[in-house]
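Peer 1: Take a look at this one; I'll ask things after.
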Amino acid sequence: MTRTTRRAPTARQAALLDELLALFLAEGFAEATLDDFAARLHCSKSTLYALAPSKEQLALRVVGQFFRVATERIEKRVSAAADARERISVYLSGAAEELGVASVAFVTDVSDFAPTREVYRRNAQAAAARIRAFITEGVTEGLFRDVHAPLVGEMAGWLIEGIQAGVVGERAGVSDSDAFAGLADLLLGGLASPADR
C-alpha cells in the first residue's frame with residue numbers, strides 16, 4: 001500500500017483554510033455547498049478542489065486543522081506551567097477557551113458527520129491521556145492527595161469522552177467549553193491535598 005503525501009499549502013491556500021475555519025466555527029458546514037463556500041470566500045470551486053477533492057474531505061481537513069491548531073496552542077501554554085496542578089488547569093481551561101469560539105452549529109455538524117466525529121473522538125482520547133498523565137505526575141510529586149491516579153485519570157477520561165459525545169452538555173444544559181471548565185474545577189478540588197483545602 002502506497003501512501004500519498006500532502007504538500008504543504010501555499011500561502012493563498014493556508015489563508016483560505018483559515019477563512020473556511022472561521023466560517024465553519026461561526027456557522028457550521030453541513031448545510032453549505034462548495035458553491036456556497038466559493039462564493040463566500042470569493043474564489044472558484046477549482047480552488048477549493050485543490051484543497052480537497054470533495055466537500056466531505058474539505059470538512060474533514062478544516063476540522064482536523066481546528067483540532068491540530070487548538071492542541072498546539074494548548075500544549076504551548078502547558079509547557080510553561082510550573083507543576084501538574086497548573087498543567088491540568090491550563091490544559092482544561094485551554095480546551096474550554098478553544099471550544100468557546102465554536103458555534104452550536106459547528107459542534108453539531110462535527111458530531112453528526114462520522115469522519116469529523118472520529119477526529120473529535122481521537123482528540124478527546126488524547127486529552128484524556130494527557131489528564132491521566134498529569135494526575136499521575138501530581139500524585140507522584142505529592143501535589144495531589146494520594147489517590148489511585150490511573151482510576152481518577154480513567155474517570156476524567158470518561159468525562160472528557162462524555163463531553164465530546166455531547167452527553168454532558170445536553171444533560172447539564174451547558175456548552176462543551178463550560179463542561180471543560182467544570183471538569184477542571186471538579187478535578188482540582190477533588191485532588192487537592194488536605195493542606196491545600
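The values are calculated or read from the model by the stated rules, or taken from the named source; none is laboratory data. Fair warning: this is a prediction, and the values are worked out from it, not measured in the lab. No Cβ is skipped: glycine too gets one built from the backbone with ideal geometry, and neighbour counts run over all protein chains shown. Please note that ligands, DNA and RNA were not included when accessible areas were found on the heavy atoms of the full protein model with its side chains. Shrake-Rupley method; radii C 1.70, N 1.55, O 1.52, S 1.80 Å.
Peer 1: State all residues of the range 140-186 that are at pLDDT below 85 and farther than 23 Å from Phe113 by Cα; if no residue qualifies, say none.
Peer 2: Ala149, Pro150, Gly153, Glu154
Peer 1: Related question: Of Ala82, Ala22, which residue is open to solvent by 50 Å² or more (accessible area, probe 1.4 Å), farther than 21 Å from Ser177 by Cβ and among the hydrophobic types (A, V, I, L, M, F, W, C)?
Peer 2: Within the list Ala82, Ala22, the selection yields Ala82.
Table: residues versus (1) farther than 23 Å from Leu58 by Cα; (2) without any contact (Cβ under 8 Å) to a residue 40 or more places away in the chain; (3) surrounded by 21 or more Cβ atoms within 10 Å (Cβ to Cβ).
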| residue | (1), (2), (3) |
| --- | --- |
| Val101 | no, no, no |
| Asp109 | no, no, yes |
| Ile135 | yes, no, yes |
| Val147 | yes, no, no |
| Leu187 | yes, no, yes |
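Peer 1: Residues in the range 46-72 that are basic (Lys, Arg) and exposed (fewer than 13 other Cβ atoms within 10 Å of the Cβ): how many?
Peer 2: Qualifying residue count, the range 46-72: 1.
Peer 1: What do you reckon, is Ala102 at pLDDT 95 or above and either more than 17 Å from Ala181 (Cα to Cα) or out of contact with any His (no Cβ under 6 Å at 6 or more places or on another chain) (or both)?
Peer 2: no
Peer 1: Oh, and also: Taking the stated definitions as given, is Ala156 under 30 Å from Leu23 (Cα atoms), of a type in the set (Gly, Ala, Ser) and in contact with a helix residue (DSSP H, G or I) (Cβ under 6 Å, 6 or more places away or on another chain)?
Peer 2: No: the conditions fail for Ala156.
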